[in-house]
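First up is the structure itself, then whatever we jot down about it.
The values are calculated or read from the model by the stated rules, or taken from the named source; none is laboratory data. The structure displayed is predicted, hence computed values, not measured ones. Cβ placement follows ideal geometry from the backbone for every residue including glycine, while neighbour counts extend to all protein chains displayed.
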Amino acid sequence: MKICGFTIIRNALKYDYPVIESINSILPICDQFIVAVGNSEDKTLELIQSINSPKIKIVETEWDDSLREGGKVLAIETNKAFEAIGKDFDWCFYIQSDEIVHENDHQKIREAFEKYKDATEIDGLLFNYIHFYASYDYVGVSKAWYRKEIRVIRNDKSIRSFRDAQGFRKHGNKLVVKQIDASIYHYGWVKHPSFQMAKQQNFNKLWHSDSWVKKNISAANEYDYTRADIIEKFNGTHPSVMHDRIQKMNWKLNFDPTKLKAGLKFKLTAFIEKNTGYRIGEYKNYTLFK
């Protein structure tokens, strides 16, 4: 059985993406790793080339910045990386450049690869999500944060990245997946406020026109992290590949995210979810195998 990881990246240094940590977090359980490096304004290509592993295969791509509707360019780039995976691989592990897998979950993932390898009715594997917010000490827990997503798919090229590359579809249908006991640690909302502001201004251009971004996205120099709802203290451990980055954290919060005032709607849905496990109106980008 062979496993291939794949990801896309562009302007990693300019927007402070932890892409090296992301790749290294699953490299030990992959036989090869495809990195689709888009045309960048910084030295992203050199950064990826610096990874000292024969498993890495770089595919240089050109992003079509005119494809702004729904973040479509992200799915197109993801499909380019997926297409570069050879036929001899069984499972394909997709990870975004701000997502990390804890080494404690490696064995569970390996076991799932083996367990469901011949269960052809299963298209992929579903992961839990931990969304960090503002700093490495806090996580978002309201319905604004998705709880699960597909990150492992079969090497079936009829599977396509969907919309803004958040999930996948097969012949236009949701994938049939199996939930596994492993998590994706999402650090996309943990950056110095100046990097976060720059990222938000740029990232929204993948969905909207320049005029929309100018009207709806702040032109401030730093992102206002108090614009949140329900945040909780993180009491777990971070993946080891993140330790150096966390130690170098160069900003301090001047507020306590757990004290932010959430609206009644968020409080009510959070109370129901905490006590029942049920999330009202949850969008599920998959079909669970029963």
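Considering HIS186, HIS192, the condition of being at pLDDT 95 or above and under 20 Å from the mean Cα position of the chain (by Cα) is satisfied by HIS186 alone. For the stretch 200-210, the count of residues that are of a type in the set (D, E, K, R), within 30 Å of ASP137 (Cβ to Cβ) and touching a residue at least 40 places away in the same chain (Cβ under 8 Å) is zero. Within the stretch 110-159, being in a helix (DSSP H, G or I), in contact (Cβ under 8 Å) with a residue 24 or more places away in the chain, out of contact with any helix residue (DSSP H, G or I) (no Cβ under 9 Å at 6 or more places or on another chain) and not aliphatic (A, V, I, L, M) holds for one residue alone: GLU114.
Counting only residues that are of a type outside the set (Gly, Ala, Ser), assigned to a loop (DSSP other than H, G, I, E, B) and surrounded by fewer than 20 Cβ atoms within 10 Å (Cβ to Cβ), the stretch 160-183 holds 4 of them. Residues in the stretch 259-278: is at least one part of a loop (DSSP other than H, G, I, E, B), modelled with pLDDT of 85 or more and over 22 Å from ILE9 (Cα atoms)? Among the residues of the stretch 259-278, not one is part of a loop (DSSP other than H, G, I, E, B), modelled with pLDDT of 85 or more and over 22 Å from ILE9 (Cα atoms), which makes the answer no. Just so you know, in the stretch 37-75 the residues that are touching a Lys or Arg at 6+ places or on another chain (Cβ under 9 Å) and hydroxyl-bearing (Ser, Thr, Tyr) include one that is surrounded by the most Cβ atoms within 10 Å (Cβ to Cβ), and it is THR44.
Residues that are within 20 Å of PHE195 (Cα to Cα) and either in a strand (DSSP E or B) or out of contact with any Leu (no Cβ under 9 Å at 6 or more places or on another chain) (or both) within the stretch 2-26 comprise ILE8, ILE9, ARG10, ASN11, LYS14, TYR15, ASP16, TYR17, PRO18, GLU21, SER22, listed in sequence order.
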